[in-house]
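*Asks:* Before I ask anything, let me first share the structure, which is written out below as structure tokens.
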Amino acid sequence: MAYSDKVIDHYENPRNVGALDKGDDTVGTGLVGAPACGDVMRLQIKVTDEGVIEDAKFKTFGCGSAIASSSLATEWLKGKSLDQAEAIKNTQIVEELNLPPVKIHCSVLAEDAIKSAIEDYRRKQAARRAAREPKAEAGSEPQPAAGVLHDR
Amino acid sequence: MDPFSVLGIPPRLSLDLGEIEKRYRDLSRALHPDKFVGRPASERRMALSKAIEVNEAWRTLKDPVKRAEALMRRAGVPVGETKEGAADPALLMEMMEQREALSEARAARDKAALDRLVASMREREQRVIATLASRFDAPDGSADDAKAALPALGELRYVRRFLEEASAAEDELGEAG
């Protein structure tokens with residue numbers, strides 16, 4: 001099958017290949033795969049306190065279209081807010097890379113990877129907030145519970 | 001066309017590939033255009049299209065992934081890009097690690113590390129094929145059994161992809177050594 005020039009460009013010169021620290025609270029990691037073709041894709045974002053994606057990296061083992069889709073995704077992610085990033089659609093990737101119908105699933109994989117990286121980041125942030133404010137919650141919540149006990 | 005019926009063999013995952021190859025060669029010989037010189041055009045066309053089917057069937061059956069896919073189709077279980085559901089996250093994590101380790105061994109030209117990775121993946125390949133065979137080759141196998149084998153088929157594809165890249169890496173290191 002003939003790849004478009006843009007796919008070949010991303011395949012030969014992939015942007016932002018690599019890894020960010022998975023243990024970092026400001027990093028979200030998405031790991032997705034297509035068992036029907038044996039592809040695996042990791043996409044990571046690093047987010048500032050203001051909620052802007054300052055860095056994005058990917059590593060994909062798969063076909064040229066899967067590599068190009070994730071490479072393009074990291075390019076698009078940098079500088080975007082999480083909400084803007086979440087709005088990226090696989091159809092935009094298909095259009096930009098001229099993917100043929102049989103390769104549309106590669107762009108779907110990239111969209112899934114973006115969403116799952118954002119989700120991972122939000123989960124970590126929620127966990128961090130919960131860990132930072134245990135006293136406030138522990139102090140206020142047991143009281144009504146105790147009150148219920150007294151009522152009985 | 002179902003490759004098992006084209007070659008006239010029982011639909012199983014565990015097969016004697018040597019025997020099937022012989023069957024494929026016998027059929028190809030019998031269908032060779034030389035045998036149809038002077039025959040009517042319709043007969044020649046028929047032999048040619050049959051020969052193409054036989055080729056395709058052999059290509060499918062000699063590859064364990066394609067063979068398993070053919071068995072899925074026989075059982076009425078759809079296979080392919082968007083039909084198989086999501087991958088198991090633990091499998092993805094493991095495969096990502098293994099592929100990265102392979103890339104590192106390849107970049108570092110570390111033959112010993114490469115051999116270790118390949119040996120353990122080959123073992124895994126045998127295990128997964130045995131799992132698939134236990135699903136497909138049971139005498140009273142059903143469509144549910146085939147469906148239950150989908151995750152193992154996915155795993156086998158990952159394993160085969162790994163081994164393909166590993167074999168390219170082995171060639172590369174072998175040429176240099």
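The values are calculated or read from the model by the stated rules, or taken from the named source; none is laboratory data. Keep in mind the model is a prediction, meaning the values are calculated, not measured. Neighbour counts are summed over all protein chains in view; Cβ atoms, including those assigned to glycine, are modelled from backbone coordinates with ideal geometry. Quick note on the areas: whole protein, heavy atoms, side chains included, nothing else; ligands and nucleic acids left out. Shrake-Rupley method; radii C 1.70, N 1.55, O 1.52, S 1.80 Å.
*Asks:* Counting just the residues of segment A:46-82 that are in a loop (DSSP other than H, G, I, E, B) and touching a Leu at 6+ places or on another chain (Cβ under 9 Å), which one comes out surrounded by the fewest Cβ atoms within 10 Å (Cβ to Cβ)?
*Replies:* Initial filter on segment A:46-82 (in a loop (DSSP other than H, G, I, E, B)): A:48-51, A:62-63, A:78-80.
Then keep just the ones that are touching a Leu at 6+ places or on another chain (Cβ under 9 Å); that gives A:51, A:62.
Numbers: A:51: 13, A:62: 20.
The qualifying residue surrounded by the fewest Cβ atoms within 10 Å (Cβ to Cβ) is A:51.
*Asks:* Something else: Working only within segment B:149-177, note down all residues that are within 14 Å of chain A (Cβ to nearest Cβ) and among the aliphatic types (A, V, I, L, M). Spell out how you get there, then give the answer.
*Replies:* Going through segment B:149-177, the residues within 14 Å of chain A (Cβ to nearest Cβ) turn out to be B:149-166, B:168-169.
B:149, B:150, B:152, B:153, B:156, B:159, B:163, B:166, B:168, B:169 - these are the residues of segment B:149-177 that are within 14 Å of chain A (Cβ to nearest Cβ) and among the aliphatic types (A, V, I, L, M).
*Asks:* Within 14 Å of chain B (Cβ to nearest Cβ) and free of Cβ contacts under 8 Å to residues at least 60 places away in the same chain: is that true of residue A:32 in this structure? Steps first, please.
*Replies:* Working: within 14 Å of chain B (Cβ to nearest Cβ): yes; free of Cβ contacts under 8 Å to residues at least 60 places away in the same chain: no.
No, not satisfied.
*Asks:* Next question. Going by the conditions given, is residue A:22 open to solvent by 40 Å² or more (accessible area, probe 1.4 Å), outside any helix (DSSP H, G or I), of a type in the set (Lys, Arg) and in contact with a Leu (Cβ under 7 Å, 6 or more places away or on another chain)? Step through it out loud before you land on a result.
*Replies:* On the way: open to solvent by 40 Å² or more (accessible area, probe 1.4 Å): yes; outside any helix (DSSP H, G or I): yes; of a type in the set (Lys, Arg): yes; in contact with a Leu (Cβ under 7 Å, 6 or more places away or on another chain): no.
No: the conditions fail for residue A:22.
*Asks:* Same structure, new question: Across segment B:2-31, what is the number of residues that are at negative phi and part of a loop (DSSP other than H, G, I, E, B)? Explain how you work it out, then say what you get.
*Replies:* Filtering segment B:2-31 down to residues at negative phi leaves B:2-7, B:9-31.
Okay, now just the ones that are also part of a loop (DSSP other than H, G, I, E, B), so B:2, B:9-16, B:31.
Qualifying residue count, segment B:2-31: 10.
*Asks:* Same structure, new question: For residues that are more than 24 Å from residue A:29 (Cα to Cα) and within 14 Å of chain B (Cβ to nearest Cβ), scanning just segment A:95-118, find the one that is surrounded by the most Cβ atoms within 10 Å (Cβ to Cβ).
*Replies:* Ranking the qualifying residues of segment A:95-118, first place goes to A:99.
*Asks:* Restricting the search to segment B:64-81, which residues are within 11 Å of chain A (Cβ to nearest Cβ) and of a type in the set (Val, Ile, Thr)?
*Replies:* Answer for segment B:64-81, where residues must be within 11 Å of chain A (Cβ to nearest Cβ) and of a type in the set (Val, Ile, Thr): B:65, B:79.
*Asks:* Can you name every residue in segment A:25-44 that is part of a loop (DSSP other than H, G, I, E, B) and crowded, with 17+ Cβ neighbours inside 10 Å?
*Replies:* A:26, A:35, A:36, A:37, A:38
*Asks:* Right, something else. Out of the residues in segment B:96-116 meeting the condition of being of a type in the set (Gly, Ala, Ser) and loosely packed, with under 14 Cβ neighbours inside 10 Å, tell me which one is farthest from the other protein chains (Cβ to nearest Cβ). Show your work before the answer.
*Replies:* Residues of segment B:96-116 of a type in the set (Gly, Ala, Ser): B:101, B:103, B:105, B:107-108, B:112-113.
Retained after the next criterion (residues that are loosely packed, with under 14 Cβ neighbours inside 10 Å): B:107-108, B:112.
Working: B:107: 13, B:108: 17, B:112: 22 Å.
Here the answer is B:112.
*Asks:* Turning to a different aspect of this structure: Based on this model, can you work out whether residue B:69 counts as of a type outside the set (Val, Ile, Thr) and surrounded by fewer than 17 Cβ atoms within 10 Å (Cβ to Cβ)?
*Replies:* Details: of a type outside the set (Val, Ile, Thr): yes; surrounded by fewer than 17 Cβ atoms within 10 Å (Cβ to Cβ): no.
It is false that residue B:69 is of a type outside the set (Val, Ile, Thr) and surrounded by fewer than 17 Cβ atoms within 10 Å (Cβ to Cβ).
*Asks:* Please state which one of B:121, B:93 is open to solvent by 20 Å² or more (accessible area, probe 1.4 Å) and within 14 Å of chain A (Cβ to nearest Cβ). Spell out the reasoning first.
*Replies:* Details: B:121 fails: open to solvent by 20 Å² or more (accessible area, probe 1.4 Å).
One residue alone meets the criteria, B:93.
*Asks:* Answer yes or no: is there a residue in segment B:51-63 that is small (Gly, Ala, Ser), part of a helix (DSSP H, G or I) and within 13 Å of chain A (Cβ to nearest Cβ).
*Replies:* First pass over segment B:51-63, keeping only residues small (Gly, Ala, Ser): B:51, B:57.
Those left that are additionally part of a helix (DSSP H, G or I): B:51, B:57.
Adding the requirement that they be within 13 Å of chain A (Cβ to nearest Cβ) leaves none.
So far as segment B:51-63 goes, no, none of its residues is small (Gly, Ala, Ser), part of a helix (DSSP H, G or I) and within 13 Å of chain A (Cβ to nearest Cβ).
*Asks:* Which condition from (1) outside any helix (DSSP H, G or I); (2) more than 14 Å from every other protein chain (Cβ to nearest Cβ); (3) in contact with a Gly (Cβ under 9 Å, 6 or more places away or on another chain) is the one that residue B:84 breaks?
*Replies:* Every listed condition holds for residue B:84 apart from (2).
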